[in-house]
Amino acid sequence: EQSTEDMRRNMDSMEEKSAQLYIANKEAMESNRLKSQFLANISHEVRTPLNAILGYTKILQKNIKDNQNKLYVDTIEQSTNSLLAIIGDILDFSKIEAGKLSLDHSLINIRELVDDVYQILSANLLTNDKQIDLVTDFSPDVPQTMIGDSIRIRQVFTNLISNALKFTNKGSIKTKVILSSKSKDQLILSFQVIDTGIGIPEDKINQLFKPFSQVDTSTTRKFGGTGLGLVITKKLVEQMGGVINISSVPKIGSTFHFTLKLKPSNKPQPKQEKLEK
Ligand code: ADP
């Protein structure tokens, strides 16, 4: 039987433990906040000189006549763009971690958006000598326009489709879109990005949404990338009220399935503005 004294002692020690936990938790949150702030500051500081390099590179490109030098300058441009993409990922990642990513509400034409992403990314296909059909399949009840964050939705597609292109040599990459539900003030769209690429081993699938993970680290150099793309993609999808999951069979291909909650637009159908790349 427990005496009152014992009980009191127990309660005191429980209170003390929870106070310690509270302090540890606060310290962890503060250090996390500082880490995110640090990453955000660094990214910002690095971006400014990179943009200067890019700007002057573009000026040089216009004036260069000799082929060898043109090759050098083109390489500087490509490398600078890769660095800017990495910095962009780190900045997005730290913003998301700090809970500071806010969403925009703009008018979106989802078919044009997907076509545009395909068009921008397929420029690489010619240079890489890959034979891939790019296919879109929209169910007819998907509205032409809707309201959402077009930049972030574009980013989700760019990440998934550029991965699909990276890890597929031949076959197809298909984006399928269906309307899952529709009410007066909400649309739920369901998307699939289906590739016929190298696939992902079953035991690796769960790791893909963890920061900095790549299935095969030996191919990291070959394929490039920060290992943040899918982490950011998942967080963006979740922030837009959706879920994302993967099914994949090695050597057959992968399917990334995700949903998004959007708002219906009652406006007639204007053209979507093209974003500068
Ligand atoms: P990264 O920027 O390094 O590509 P991601 O988070 O976008 O980072 O992807 C993480 C890893 O998941 C990739 O390095 C690759 O191993 C695997 N992966 C992603 N998409 C595909 C795909 N469509 N097919 C095969 N593997 C994929």
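In terms of Cα to Cα distance under 16 Å, which aspartates and glutamates are near enough to K58, apart from those fewer than 8 places away along the same chain? Qualifying aspartates and glutamates at Cα under 16 Å: D66, D74, E77, E276. Taking trypsin sites (Lys or Arg not before Pro) across segment 117-171, the ones in a DSSP loop with at most 16 further Cβ atoms lying within 10 angstrom of their Cβ are K130.
Overall, the chain carries a charge dipole of about 960 debye about its Cα centre when +1 sits on the Cβ of Lys and Arg and -1 on the Cβ of Asp and Glu, all other atoms neutral. Entry note, the chain: the mean residue ellipticity at 222 nm calculated from DSSP H runs of n ≥ 4, each adding -39500 (n - 2.57), is -18500 deg cm²/dmol after division by the residues and rounding to the nearest 500.
By the compact-protein rule of thumb, 2.2 N^0.38 Å, the alpha-carbon radius of gyration of segment 76-214 corresponds to a ratio of 1.15.
Our Cα-only numbers for segment 56-148 put the radius of gyration and Dmax at 18.9, 54 Å. Straight-distance candidates among the lysines for linking to K184, with alpha-carbon spacing under 19 Å and chain neighbours fewer than 8 residues away dropped: K261, K263, K267. Along its three principal directions, the equivalent ellipsoid of the chain from the Cα gyration tensor extends over semi-axes of 40, 27, 21 Å, largest first. Candidate membrane-span-like segments in the chain, meaning DSSP H helices with Cα atoms spread over at least 20 Å of their own axis and a Kyte-Doolittle mean of 0.0 or above, are 110-128, 150-166, with no membrane implied.
Toward the positive end of the charge dipole of segment 1-111, with +1 on the Cβ of Lys and Arg and -1 on the Cβ of Asp and Glu, the farthest Cα among N69, N41, L103 is that of N69.
The Rg/Rh ratio of segment 18-87, with both radii computed over alpha carbons and Rh defined as the Kirkwood radius, is 1.39.
Read the figures in this text as sums done on the coordinates, not as results from a lab. Model, not experiment: these values are computed from the prediction. Neighbour counts run over all protein chains shown; Cβ positions are idealised from the backbone, glycine included.
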